[in-house]
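See below for the structure under consideration.
The values are calculated or read from the model by the stated rules, or taken from the named source; none is laboratory data. It should be emphasised that the depicted structure is a prediction, and the values quoted were computed from it without experimental measurement. Glycine gets a Cβ as well: all are built from the backbone with ideal geometry, and neighbour counts include every protein chain shown. In case anyone asks, the SASA skips ligands and DNA or RNA and just uses the protein heavy atoms, side chains included. Shrake-Rupley method; radii C 1.70, N 1.55, O 1.52, S 1.80 Å.
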Amino acid sequence: MTATAVSTAPALPETDHRVRRRRSLAPGKRVPAARLVGPALLVVLWAVASAAGALDPGAIPAPWTVLDTGAHLWTDGTLPDDILTSLQRAGTGFVIGLTAGVVLALASGLSRTGEALIDGTVNLNRAIPTLGLIPLFILWLGIGETFKIAIIAIVVYIPIYLNTHAALSGIDSRFVELAEVQGLSRVRFIRQIVVPGALPGFFVGLRLGVTGSWLGLVVLEQINATSGLGYMMFQAQNYGQTDVILVGLVVYGIFGLVSDSTVRIIERRVLSWRRTLSN
């Protein structure tokens, strides 16, 4: 009689279908140009509402009307000149504000004497509405370009100072103690401990400062200005040209989106050593 071979290997347990793969709590893989989806959807809704007649053309012109007006303003040279003037004002004020914010934050964050002299003054300045300083600055600096640049610089330096100073204050004291044990010089301490610790807060302040420069500019260019996007919009208001006003707003929005995206790209590259939800 032929013996039947009996396997002695242990039986594998059946797969429990109730066991599911652990769900990831992270936001997921980054989608290229994902930040353009929201603005693009807004434009599509605007176009659909205009085509359906749901919007009053006199109050909110259709996107194609605004596009035609922008092309006409660009062709006759009005829009390029105004854009160049606005960029010069915003750029000059931004550079001054950026420099002042970083220098004051370092002086206040790395020295108790500097903190006593600077931090309270900056927070007092923050509590005062910056645009409320316009009448005083006109009396001090005149009605020309200087007061506009000064106001933009103030709008920029405050968020840069506050966020950079907060990041400096938040550096773990154990890193400072480690630097002292290692005998690091003041320069190496700033380069290896202070700068990496302050960069995340600095970039947050930088983004707020870039946005603030455009927000301040649109108001300042309506005060005794003879050129610039704000001046163009102010003149269009007097003549009821809503399409020209929307052209100015669209240009401001594009500048704000591009500048903020540029800062984000630089931030991701500079802080590529961090493992965060963003990257």
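Against the list (1) within 22 Å of ARG269 (Cα to Cα); (2) touching a residue at least 60 places away in the same chain (Cβ under 8 Å); (3) under 20 Å from the mean Cα position of the chain (by Cα), the condition LEU208 fails is (2). Considering GLY38, GLY53, the condition of being assigned to a loop (DSSP other than H, G, I, E, B) and over 24 Å from LEU229 (Cα atoms) is satisfied by GLY53 alone.
Can you tell me which residue within the stretch 129-173, out of those that are surrounded by 12 or more Cβ atoms within 10 Å (Cβ to Cβ) and among the hydroxyl-bearing types (Ser, Thr, Tyr), is farthest from LEU206 (Cα to Cα)?
Step one: of the stretch 129-173, the residues surrounded by 12 or more Cβ atoms within 10 Å (Cβ to Cβ) are 130-131, 133-134, 137-138, 141, 143, 145-171.
The next check asks that each one be among the hydroxyl-bearing types (Ser, Thr, Tyr); those that pass are 130, 146, 157, 161, 164, 169.
Details: THR130: 18, THR146: 22, TYR157: 9, TYR161: 9, THR164: 9, SER169: 18 Å.
If we take residues in the stretch 129-173 being surrounded by 12 or more Cβ atoms within 10 Å (Cβ to Cβ) and among the hydroxyl-bearing types (Ser, Thr, Tyr), then THR146 is farthest from LEU206 (Cα to Cα).
Tell me the residue from ARG126, ARG89 that is modelled with pLDDT of 90 or more, open to solvent by 50 Å² or more (accessible area, probe 1.4 Å) and of a type in the set (D, E, K, R), please. Answer to the check: ARG126.
Checking the stretch 135-143 against the condition returns no match, with no residue being β-branched (Val, Ile, Thr) and within 23 Å of the chain's Cα centre (by Cα).
For the stretch 89-143, the set of residues classified as outside any helix (DSSP H, G or I), touching a residue at least 24 places away in the same chain (Cβ under 8 Å) and among the small types (Gly, Ala, Ser) is empty.
Would you be able to say whether some residue in the stretch 179-200 is surrounded by fewer than 20 Cβ atoms within 10 Å (Cβ to Cβ), in a helix (DSSP H, G or I) and at pLDDT 90 or above? Checked the stretch 179-200: at least one residue is surrounded by fewer than 20 Cβ atoms within 10 Å (Cβ to Cβ), in a helix (DSSP H, G or I) and at pLDDT 90 or above.
If you go through the stretch 236-256 and keep only what is in a helix (DSSP H, G or I) and either open to solvent by 60 Å² or more (accessible area, probe 1.4 Å) or basic (Lys, Arg) (or both), you end up with GLN237, ASN238, LEU249, VAL250, ILE254. Listed by first and then second residue, the pairs with beta-carbon distance under 7 Å, at least 6 apart or on different chains, first residue in the stretch 230-245 and within 25 Å of GLN88 (Cα to Cα), second open to solvent by 60 Å² or more (accessible area, probe 1.4 Å), are GLY230/GLN222; TYR231/GLN222; PHE234/GLN222; ILE245/GLN237. A search for C-beta distances below 8 Å between a residue of the stretch 65-84 that is outside any loop (DSSP other than H, G, I, E, B) and any residue that is of a type in the set (Val, Ile, Thr) and open to solvent by 40 Å² or more (accessible area, probe 1.4 Å), counting only pairs 6+ apart in sequence or on different chains, returns VAL66/VAL250; GLY70/VAL250.
Tell me yes or no: at least one residue of the stretch 217-233 is open to solvent by 70 Å² or more (accessible area, probe 1.4 Å), at pLDDT 90 or above and among the hydrophobic types (A, V, I, L, M, F, W, C). Spell out the reasoning first.
So the first thing to find is which residues in the stretch 217-233 are open to solvent by 70 Å² or more (accessible area, probe 1.4 Å), and the list is 222, 224, 226.
Restricting the remaining residues to those that are at pLDDT 90 or above gives none.
Checked against the condition, which is being open to solvent by 70 Å² or more (accessible area, probe 1.4 Å), at pLDDT 90 or above and among the hydrophobic types (A, V, I, L, M, F, W, C), the stretch 217-233 yields no hits at all.
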